[in-house]
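Everything on this sheet refers to the single structure shown next.
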Amino acid sequence: MDPVSCMATASAAFGVLKKGFAVGRDIESMASDLSRWMGALSDLDMLEKEAKNPPIFKKLFNGKSVEQEAIEAFAAKEKAQQQRYELQQWISMTLGRKKWDDLVKMEGSIRKQRQETLYKQRQRRQKFVEIVAWIMVAVVAAALLTLFVLFLKGQAASAGGEMVTCRKVKCEKLHNKQTVCVFRGANNTIETQFFQYMEFIPNEYQCKYDPYAKKEMTIQETLKAVTESQK
């Protein structure tokens, strides 16, 4: 539903009405055309109200600019008002004022019916779309925030600034009475520490996170490499 298509419907129905009156048809025989014309005018009024206060997502994602749609709605309503004035003058002059008043009442009933059915359904659909759109925006925003936090953590880790908890895995005494212990943390981060005889050996401590740790290297291989380096 848009101003252009509604105006096309109104103009087509109005053309049929003019031809019918020109050949002497009565209003009752053209009730369906009158109803179609009045319904199109009611839709134009509704669209003009929407154009004045469009939903936020319509402003963001509508292919047509809000200003352009408002101009189209205004122009269509002006043209519809001209049709309405022309029809009012013709009916009042030929059939009497009362007949026009009866048509105005009929138009009011049509507008009320469309408000309670078509327009309410349209409002519910728009509300549903808006809620879904807000949910999608929230999900995307949360995902982007999570990726940003992970990126920052990765950058901090790359710079060697992040500390992780490394727990003691295995210790081995060396020939010089020292003890070498292997501590392992996140991402297989491995650090070795040397302790003197009778020195306290903690079960865990904070070590620098290594994002490029060699995951294939075992604890035994690490201890063997350290032991051989001390010979």
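The values are calculated or read from the model by the stated rules, or taken from the named source; none is laboratory data. None of these values were measured; they are calculated from a predicted model. Because the Cβ atoms are built from the backbone with ideal geometry, glycine has one as well, and the counts that use them run over all protein chains shown.
The table for this structure:
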quantity: Single unsatisfied condition, Gln81 versus (1) part of a helix (DSSP H, G or I); (2) at pLDDT below 85; calculated: (2)
quantity: Tally of residues being touching a Gly at 6+ places or on another chain (Cβ under 9 Å) and not β-branched (Val, Ile, Thr) across the range 7-40; calculated: 6
quantity: Residues located in the range 19-44, provided they are loosely packed, with under 15 Cβ neighbours inside 10 Å and either touching a residue at least 12 places away in the same chain (Cβ under 8 Å) or assigned to a helix (DSSP H, G or I) (or both); calculated: Lys19, Ala22, Glu28, Ser29, Ala31, Ser32
quantity: From the options Ala225, Ala213, residue that is in a loop (DSSP other than H, G, I, E, B), at pLDDT below 85 and hydrophobic (A, V, I, L, M, F, W, C); calculated: Ala213
quantity: Any hit, the range 86-107, residues being in a helix (DSSP H, G or I), within 22 Å of Glu50 (Cβ to Cβ) and without any contact (Cβ under 8 Å) to a residue 60 or more places away in the chain; calculated: no
quantity: Filter result for Met106 (crowded, with 18+ Cβ neighbours inside 10 Å, at pLDDT 80 or above and in the same structural domain as Leu118 (by TED's automatic domain parsing)); calculated: no
quantity: Of all residues in the range 171-189 being assigned to a strand (DSSP E or B) and either at pLDDT below 85 or in contact with a Leu (Cβ under 8 Å, 6 or more places away or on another chain) (or both), the one that is nearest to Pro211 (Cα to Cα); calculated: Val182
